[in-house]
Amino acid sequence: MCPVTVKWHSIRPTSKCCRRVGAPRLDRWIRVSSGLPIGLALGAGIWILSASITGHPEPWDSPGMYYAAALLGAGVIGGFLVPGHWAEVALGVFTGQALVLLARVLADPAGGGLWPLGILFLGLYSLLSLVGAGLGSGLRRAVGGRPG
């Protein structure tokens with residue numbers, strides 16, 4: 001056990017026996033903090049790009065498999081980028097979609113009376129991004145990437 005000095009704003013080790021934040025620990029921290037933002041960007045992108053890709057403002061209104069494929073693809077991309085934190089990516093995909101949905105409701109409150117039901121459906125649909133993130137993580141590990 002290393003002795004520590006307690007000051008009013010910090011706790012610092014007083015000897016050299018304590019571990020410092022080195023490259024491996026810093027790398028792990030960066031990977032932990034990058035799963036959620038990557039998922040946020042991917043999830044928001046699905047909703048923001050939906051109108052230009054499908055012609056429908058809400059992705060679940062589009063014909064065909066656009067929404068399911070977009071969720072699965074976002075999960076695969078995020079899981080491949082941060083394989084050790086694929087669940088964070090899936091949570092970020094859900095949160096990014098929810099933020100865009102809620103922003104649209106706030107922009108036009110008259111048209112958003114069913115937004116609580118929409119959030120429920122987002123949660124169910126976002127399970128596809130969880131599956132995709134697991135697949136992306138497995139793919140990254142299979143090709144020899146670091147587990148993160």
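The values are calculated or read from the model by the stated rules, or taken from the named source; none is laboratory data. Predicted, not measured: the structure shown is a model, and the values here were computed from it. We place every Cβ from the backbone using ideal geometry, glycine too, and count neighbours over all the protein chains shown.
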Problem set entry | The listed residue being modelled with pLDDT under 95 and outside any loop (DSSP other than H, G, I, E, B), out of Gly118, Gly132 | Gly118
Exercise. What number of residues in region 71-90 are of a type in the set (Gly, Ala, Ser), surrounded by 17 or more Cβ atoms within 10 Å (Cβ to Cβ) and within 10 Å of Gly132 (Cβ to Cβ)?
Worked result: 5
Exercise. Which members of region 77-110 meet the condition of being of a type in the set (Asp, Glu) and in a helix (DSSP H, G or I)?
Worked result: Glu88
For this session: May I ask you to say which residue of Leu71, Leu36 is in contact with a Gly (Cβ under 8 Å, 6 or more places away or on another chain), among the hydrophobic types (A, V, I, L, M, F, W, C) and touching a residue at least 60 places away in the same chain (Cβ under 8 Å)?
Result: Leu71
Exercise. Condition test on Gly84, is it farther than 26 Å from Pro116 by Cβ, under 12 Å from the mean Cα position of the chain (by Cα) and not charged (D, E, K, R)?
Worked result: no
Problem set entry | Residue match in region 79-93 (condition: more than 23 Å from Ser34 (Cβ to Cβ) and of a type outside the set (Gly, Ala, Ser)) | no
For this session: Assess whether Leu124 counts as being under 16 Å from the mean Cα position of the chain (by Cα) and assigned to a helix (DSSP H, G or I).
Result: yes
Exercise. Before we move on, is Gly113 more than 17 Å from the chain's Cα centre (by Cα), on the phi > 0 side of the Ramachandran plot and either in a helix (DSSP H, G or I) or not basic (Lys, Arg) (or both)?
Worked result: no
For this session: Could you pull out the residue among Ser34, Ser62 that is closer than 17 Å to Leu122 by Cα and among the polar types (S, T, N, Q)?
Result: Ser62
